[in-house]
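Have a look at this one before I ask anything.
The values are calculated or read from the model by the stated rules, or taken from the named source; none is laboratory data. All of these numbers come straight from a predicted model, not from anything done at the bench. Every residue, glycine among them, receives a Cβ derived from its backbone with ideal geometry; neighbour counts consider all protein chains shown.
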Amino acid sequence: MATTDYNAAAQLDEKIPHTHIALTNLLTKMAKCDKYKNKKPFLGRDKKRDALMAFEVGLAELVAAMRLDGITEDSDDAEVIRATICDLMTVCMEVYPNWGDAYRFAADTFARDFGAGSALIKRVCRL
């Protein structure tokens with residue numbers, strides 16, 4: 001069973017503290033999106049919609065944190081931000097390997113369809 005690399009997590013926290021916090025928060029939101037992606041609402045709240053809305057808020061927070069830490073610039077377009085998020089997810093997979101469902105959702109959202117991932121970032125971050 002894979003476990004968290006606490007040394008690498010501490011290094012991330014030192015290098016990019018705001019991004020690290022936003023990224024770990026986004027992992028939980030992506031895991032919920034993956035959990036509810038094929039669910040249909042039945043007499044109650046639409047958990048899929050709630051999870052996607054929380055994901056979009058978390059994505060906007062991640063982009064703001066990446067700008068705070070100097071990973072991206074205000075002038076960067078959505079494609080550069082999408083590629084940076086993909087790179088961060090790759091690093092995150094090594095540090096936190098137990099979030100397979102979150103990484104599956106991230107791959108579907110950002111890596112499989114570049115145009116859709118960039119469009120999502122444009123819409124969420126109003127670029």
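Just one of Gly115, Gly58 is at pLDDT 95 or above, out of contact with any Ser or Thr (no Cβ under 6 Å at 6 or more places or on another chain) and either assigned to a helix (DSSP H, G or I) or aliphatic (A, V, I, L, M) (or both); which is it? So that I can check it myself, show each step before the final result.
Working: Gly115 fails: at pLDDT 95 or above.
It is Gly58.
Moving to a separate point now. Any residue in the stretch 106-120 that is closer than 20 Å to Lys35 by Cα sitting within a Cβ distance under 7 Å of a residue that is charged (D, E, K, R)? List the pairs, counting only those 6 or more apart or interchain.
As it stands, the answer is Phe110/Arg82; Gly117/Arg82, since those pairs meet every condition given.
Of the residues that sit in the stretch 87-127 and are closer than 20 Å to Ala10 by Cα and among the hydroxyl-bearing types (Ser, Thr, Tyr), which one is nearest to the chain's Cα centre (by Cα)? Let's see the steps before the verdict.
At the first step, the residues of the stretch 87-127 found to be closer than 20 Å to Ala10 by Cα are 87-99.
In the following step, the residues that additionally are among the hydroxyl-bearing types (Ser, Thr, Tyr) were identified as 90, 96.
On the way: Thr90: 11, Tyr96: 13 Å.
Result: Thr90.
Something else about it: I'd like the residue in the stretch 19-53 that is small (Gly, Ala, Ser) and either touching a Cys at 6+ places or on another chain (Cβ under 8 Å) or over 13 Å from Ala102 (Cβ atoms) (or both) and, out of all such residues, is modelled with the lowest pLDDT.
Of the stretch 19-53, the ones small (Gly, Ala, Ser) are 22, 31, 44, 51.
Now restrict to residues that are either touching a Cys at 6+ places or on another chain (Cβ under 8 Å) or over 13 Å from Ala102 (Cβ atoms) (or both): 22, 44, 51.
Numbers: Ala22: 97, Gly44: 77, Ala51: 93.
Result: Gly44.
Taking the residues in the stretch 33-86 that are under 20 Å from Lys15 (Cβ atoms) and of a type in the set (Gly, Ala, Ser) as candidates, determine which candidate is surrounded by the most Cβ atoms within 10 Å (Cβ to Cβ).
To start, the set of residues in the stretch 33-86 that are under 20 Å from Lys15 (Cβ atoms) comprises 61-73, 76, 80-81, 83-86.
From what's left, of a type in the set (Gly, Ala, Ser): 64-65, 70, 83.
Details: Ala64: 15, Ala65: 21, Gly70: 10, Ala83: 17.
For the stretch 33-86, the residue satisfying everything is Ala65.
From the set of residues in the stretch 95-112 that are assigned to a loop (DSSP other than H, G, I, E, B) and modelled with pLDDT of 90 or more, which is farthest from Ile85 (Cα to Cα)?
Of the residues in the stretch 95-112, the ones assigned to a loop (DSSP other than H, G, I, E, B) are 96-99, 112.
Imposing the further condition that a residue be modelled with pLDDT of 90 or more reduces the set to 96-99.
Working: Tyr96: 15, Pro97: 17, Asn98: 18, Trp99: 16 Å.
Going through the qualifying residues, I end up with Asn98.
If a residue must be in a helix (DSSP H, G or I) and either of a type in the set (Phe, Trp, Tyr) or exposed (fewer than 11 other Cβ atoms within 10 Å of the Cβ) (or both), how many such residues does the stretch 1-18 contain?
3
Then there is this: For the stretch 58-105, which residues satisfy the criterion of being touching a residue at least 40 places away in the same chain (Cβ under 8 Å) and polar (S, T, N, Q)?
Scanning the stretch 58-105 gives a single hit, Asn98.
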